[in-house]
Structures are given as structure tokens and as C-alpha cells.
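A short worksheet on the structure shown next.
Nothing in this text is a laboratory measurement; each read-out follows from the coordinates by a stated rule. Computed from a predicted model, the values in this text were never measured in an experiment. When we count neighbours, we look across all protein chains shown, and the Cβ atoms used for this are built from the backbone with ideal geometry, even at glycine.
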Amino acid sequence: MVVHSQSAALDHCSLIKTCKPTATVFNGIPVVNLRDPQAKTLIVKACEEFGFFKLVNHGVPMEFISELETEALRFFNLPQSDKDKAGPPDPFGYGCKMIGSNGDVGWVEYLLLNTNPQITSHQTHTVFRENPESFRSAVNDYVQAVQRMAFEVVELMADGLRIEPRDALSRLLRDDKSDSCFRLNHYPPCPELQALSGRNLIGFGEHTDPQIISVLRSNNTSGLQICLKDKTWVSVPPDQTSFFINVGDALQVMTNGRLRSVRHRVLADPRNSRLSMIYFGGPPLSEKIVPFPSLMAKGEESLYKEFTWWEYKTSAYKSRLADYRLGLFEKR
Ligand code: GA4
């Protein structure tokens with residue numbers, strides 16, 4: 001995304017919503033040390049209260065993180081015409097400003113990638129065709145390490161919730177047919193708009209993630225905000241050495257509403273570019289998304305109608321970013 005002049009920048013911005021940078025910086029984000037013997041209890045508590053927590057001592061090698069950051073920045077710094085060759089994101093590939101296919105826009109450019117090895121040959125021809133092998137290998141090393149860590153996190157969740165067997169969740173993410181994906185988001189700075197209006201551009205509008213779990217890592221530029229239970233928006237202080245874990249809609253249903261999927265958004269920073277990398281762990285398309293029986297109290301009924309991940313995903317992809325997607329599947 002190359003900004004040539006102030007007026008060109010503002011042209012680009014006209015469709016993108018802005019927001020006063022007023023949300024308070026929140027220092028109450030729960031922090032979980034993956035090696036803490038209490039981790040399972042702390043994870044469940046954080047996911048019940050916020051649907052969100054910060055993970056430290058996660059075991060993902062820092063070199064994988066910095067290699068991918070270098071490769072991703074090299075890609076996003078290419079001329080626009082080169083990046084466009086890796087698009088459009090239908091469903092995987094490079095996208096710029098347009099999010100999904102129903103009219104959502106944001107001050108962001110991104111690469112959406114599949115993590116399923118059966119589909120990656122398609123990516124080889126689109127995304128990685130014009131890019132060095134070092135990019136593909138940095139993505140693979142990073143995604144594999146983050147997946148291993150995510151499997152451990154959801155096993156701890158299952159333990160903490162007394163879901164049996166303890167791999168009831170992780171087996172969905174480990175499955176060869178797991179419908180998981182990976183996203184690199186780049187939010188360029190936009191100083192002109194900030195100077196003129198005192199407002200920040202919305203990089204990625206408010207939404208919940210449809211999958212089971214999302215694992216986010218960003219550079220040290222702020223921008224991520226989460227919505228608390230009382231509906232106030234707070235800014236999450238960035239931490240480039242840690243991961244942030246989000247509960248997704250599917251996990252909210254599988255725990256019959258005990259864990260809540262977190263509404264979040266990203267504001268672009270006027271001065272610094274933000275780069276984030278997110279793994280979205282989803283189940284196989286044919287998987288029924290229903291509450292785990294071992295978690296239900298005697299006589300407790302599901303709050304949701306029965307549906308498969310394919311049905312939920314199809315419905316999600318027809319929705320606008322900010323929609324409350326679970327509403328269609330609630331019993332009432
Ligand atoms: C939000 C989470 C992931 O980034 C994503 C997004 C997807 C897209 O960018 O194409 C969606 C969005 C996300 C939810 C509603 C639909 C689909 C954009 C959109 C408007 C890849 C996903 O799985 O769902």
C-alpha cells in the first residue's frame with residue numbers, strides 16, 4: 001500500500017471508518033505461563049471472563065517468529081503490482097483493504113493462507129510463485145510451532161473444564177482435514193488522516209472469530225482492542241514476545257456458552273506499521289459443533305441448534321464482519 005500524497009491517502013481512506021483513539025489501555029489482561037502447574041485453571045478463568053489471555057513461556061522459538069516477520073515485511077514492502085500477483089484472497093491469497101466479500105473494508109493488507117498440507121499446492125502457485133522459498137519455509141516453521149503450542153493450550157482447556165477425553169478439542173485441530181488457516185496482517189501508518197482529524201483509521205473492524213481458537217502474535221505497535229463483558233472497548237498493550245489467545249465462536253458453542261468468543265478490532269497506528277500473524281484453529285468441515293456431553297450439568301440443554309462447521313462457516317462468510325453470527329444458531 002504505497003501512499004503517494006496527502007490527497008491520495010485521503011481518497012483511500014474515504015470508505016474506511018475511523019475511531020477516536022480514546023479507549024483506555026487495559027492492564028488487566030490475564031497472563032498465563034504455559035509451564036505453570038495452575039495453567040489449566042487460569043486459562044479457563046480467563047476464557048470465561050474475557051475469552052482472551054496473554055500466553056508467556058510458550059516455547060515457540062523466537063527465531064521462527066523473527067524470520068517470519070522479516071519475510072512478511074519483505075513481502076509487504078514489494079511494489080503493489082507484485083503483491084497483487086499473489087491475490088485475490090478467494091479464499092486464499094493477498095488482499096488489500098477489502099475484508100471478506102460483503103463490503104467490509106479496513107486500513108489493512110494481508111495474506112490469507114491455508115494450513116492444510118493437502119491444499120498448499122494451490123498456494124504454491126499463487127502466493128509463493130513469485131516469492132522466495134525462504135518465505136514458504138518461514139511460514140511452515142512458524143505455523144507448525146504455533147500449532148503444537150495451540151494443541152497444548154486446548155488440552156489444558158479441556159483439563160480445566162473436565163472435558164473427556166482430554167484430546168476432545170486438540171484432535172479436531174490435529175485432524176488432517178482440520179479447517180484451519182493462517183493470516184498475516186499489515187497495517188501501514190496513516191499520519192495524514194490523524195493530523196487532519198485527530199482520529200485513527202479502523203484497520204480491522206470489530207468481530208468475533210468463527211473458529212475454535214485464534215493465536216495472535218504482533219510486533220510492538222499497539223492497535224488491538226477487545227470488548228469487555230460490560231461492552232467497553234479497551235486497548236491491549238502489545239508484547240512482541242508473547243502470544244494472545246482468542247476464544248472463537250465454535251468453542252463458545254462447544255462449551256455451551258461457558259467460554260465466550262471475544263469481540264475485538266484493530267485501529268491503525270498513525271505513525272508505526274503494525275504486523276500481526278494469526279493462526280485460526282478450526283475443526284473439519286463435517287464436524288458437528290455441539291456442547292461436549294461431559295461438560296453439561298444434569299438436565300442442561302444446549303443453548304444452540306445443532307450445526308456442522310461447514311454450515312457455520314458458510315453462514316459466516318455470507319455475513320458482515322461486525323454481525324453477531326451465533327444469533328442465527330441460538331435456540332429461542
Ligand atoms: C474473521 C476471522 C478470520 O480473519 C477470517 C475472516 C474472514 C475473511 O477475512 O475472509 C471473514 C471474517 C473472519 C468473519 C466474517 C466473514 C469472513 C470476513 C467476513 C466478513 C479468515 C475468518 O475465518 O472469519
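Structure data summary
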quantity	calculated
Residues with amide H under 5 Å from that of residue 213, placed H, sequence gap 5 or more	248, 281
Per-selection metrics, the chain (Cα): Rg and Dmax in Å	19.4, 64
FRET efficiency, 1/(1 + (r/R0)^6) with R0 35 Å, evaluated for residue 317 and residue 137 via beta carbons	0.70
Calculated P(r) tail over 18 Å for the stretch 258-317, as whole % of Cα pairs	58
All aspartates and glutamates inside 14 Å of residue 20 as judged from Cα atoms, apart from same-chain residues fewer than 8 positions distant	269
Given 40/313; 45/229; 17/305, the pairs whose alpha carbons are separated by over 24 Å	40/313; 17/305
Peptides 290-300, 38-48 ordered by average Cβ neighbours within 10 Å, highest first	38-48, 290-300
Those aspartates and glutamates that a straight Cα-Cα span of less than 19 Å connects to residue 331, excepting residues fewer than 8 apart in one chain	249, 300, 301, 306, 311, 323
The stretch 195-331, relative contact order in percent, only Cα pairs under 8 angstrom and at least six apart counted	29
Residue-wise HN-Hα coupling along the stretch 86-92, computed from phi with Karplus coefficients 6.51, -1.76, 1.60 (Hz; x: Gly, Pro)	8, x, x, x, 10, x, 10
For residue 18, distant residues with modelled amide H under 5 Å away	202
5 angstrom amide H check on residue 289, placed H, neighbours 5+ away	307, 308, 309
